[in-house]
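Bear in mind these aren't lab numbers, they're just calculated from the coordinates by the rules spelled out. Quick caveat: nothing in here was measured; it's all calculated off a predicted structure. Virtual Cβ from ideal backbone geometry, glycine too; neighbours counted across all protein chains shown.
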Amino acid sequence: MKKIVFISLIAGLVITYGFTTTQTMDSCDKKNLTASCKKKLDEFKYDSQKFSKINFQERDQKLEVEVPVFLGEKYRMVFNTSYLPKNVVINVYTKSKEAKKREPIFTTKDAPEGTKEFVFDAPHIRNMFIDYDVPIDGSNPKLSGCVVFMVGYK
């Protein structure tokens, strides 16, 4: 009898844990994120976009995306972080993370809390590297979200 109660208790806990909703953002609405970014391009012509899914882990992460650009063009970058559950810091650099002496040309580090859309008009440069600095979240390793950035030129 004790064995049956114990097995039932364990099975109940496993089922309860398995179906408990965690704070994930798997339902990222890519269509709305894209539309929102496109509105912020204004007079810039659409060039490209990148949709990135971010899974939080029990350690810091630095995810990097390279954006090649043409010399002589003006570029605008629009970021939408509406579906990120944590404050992920976005930094834009002219050199990759392996390069020495790189400096940020844009950061969201000092943005007011609650800001979800960022617009950045890039200087005339050859390449841009976008780094997502993802903080530790040991309390909920299944936490995830997404971010969209769109690039336009003039």
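Summary of values
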{"read-out": "Filtered chymotrypsin sites (Phe, Trp or Tyr not before Pro), the range 47-154: DSSP coil and at most 15 other beta carbons within 10 Å", "value": "F70"}
{"read-out": "Residue-wise HN-Hα coupling along the range 34-44, computed from phi with Karplus coefficients 6.51, -1.76, 1.60 (Hz; x: Gly, Pro)", "value": "5, 4, 5, 5, 4, 4, 7, 6, 6, 7, 7"}
{"read-out": "Order of S82, S96 under a 10 Å beta carbon neighbour criterion, fewest first", "value": "S96, S82"}
{"read-out": "Relative contact order (percent, whole number), the range 76-154, Cα cutoff 8 Å, 6+ residue spacing", "value": "50"}
{"read-out": "Spin-label proximity, K31 to the range 64-108 - amide N less than 18 Å from point 7 Å beyond Cα toward beta carbon", "value": "83"}
